[in-house]
1. What shape does the chain take by its C-alpha gyration tensor, where a ≥ b ≥ c are the square roots of the eigenvalues and a/c under 1.5 counts as rounded, a/b above b/c as prolate, and the rest as oblate?
2. What list do you get for 137, 156 if you sort them by fewest beta carbons within 10 Å?
3. Once both axes come from the Cα atoms, what is the angle between helix 21-32 and the longest principal axis of the chain, in degrees from 0 to 90, rounded to 10?
4. Which whole-number percent is the relative contact order of segment 124-220 (Cα, under 8 Å, 6+ apart)?
5. For the chain, find the longest principal axis of its Cα atoms and tell me its angle to the long axis of helix 184-194, 0 to 90°, nearest 10.
6. Thinking of segment 36-129 as a set of Cα atoms, what percent of all their pairs are more than 20 Å apart?
7. Please work out how much length the chain gains when fully extended from residue 99 to residue 68, using 0.36 nm per residue of separation minus the C-alpha to C-alpha distance, in nm with one decimal.
8. Could you tell me the relative contact order of the chain? Use alpha-carbon pairs under 8 Å, at least six residues apart, and round to a whole percent.
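Derivation of every value follows stated rules applied to the coordinates shown; laboratory data play no part. For clarity, every value in this text was computed on a predicted model and none was experimentally measured. All Cβ positions, even for glycine, are placed from backbone atoms using ideal geometry, and neighbour counts span all protein chains on display.
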């Protein structure tokens, strides 16, 4: 590892298909020559797009980032259901080509409408949800039966962008804007089931996670060629949290982990020194503010 550690901040990666989120972290550790790399919001191997990485001290931000709204571009293949609800699983049922061709545009629109809004969704069995301390996907791979209970999620938008019909096949290009914890492949599965022909996710690209979009994303090739960040620590905090600017005496107290007068902001916010340096994440507690994470300790 390099003796000179990289600057702390966030690296927004445009993840390529065929890699796990952990694979991406491993490559970035090598490119930036540091072990201090973590990720927020896992992407499946087949998925591409926005993956948020914390570098050096910015790894402390990852558990506090409000990545509670995500946007995806996806392709849903109707006519076949799979074990994983996506194209990487084994086909467990396949509809007759005539049945697929008979699915009308109006039925598709009605099916999409029924899966929009606040819904109860049963996650895919091969999700990363833990059951008794074990990941559901690991249990499935070990041959165990996994039946995850439905849970509330919010699908803010589920827009049909294109429909492609071919002999015995039907593909839908969609845009999904949803809450964290929503599985787009479960939407594909449930839409196919509602239409009576089965369905699975054929392609998935995440275009945003919280305030972070593809506009700031870098490819792994970019990072290998020119190691660096997408956002400095200060830029990352300013993008993801409300901002509180404090005077020099409060800045000194915050850097020592001490309480300062409350700001009146709700939830977690970033605290910035007079020189613009980010000091901490903090929360108001009555008449005072307490540091949640000190990012620039004394």
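1. Numbers: a/c = 2.41, a/b = 1.97, b/c = 1.23.
Taking the square roots of the gyration eigenvalues as a ≥ b ≥ c, the chain is prolate.
2. On the way: 137 17, 156 14.
Least crowded to most crowded, the residues run 156, 137.
3. Around 40 degrees separate the two axes.
4. On the way: 98 pairs, mean separation 15.3, N = 97.
In percent, rounded to a whole number, it is 16.
5. 30 degrees
6. Working: 2514 of 4371 pairs.
Value for segment 36-129 (Cα pairs over 20 Å): 58 percent.
7. Numbers: separation 31, 0.36 × 31 = 11.16 nm, distance 3.77 nm.
Full extension of this stretch gives 7.4 nm more.
8. Details: 681 pairs, mean separation 65.4, N = 298.
Across the chain, relative contact order equals 22 percent.
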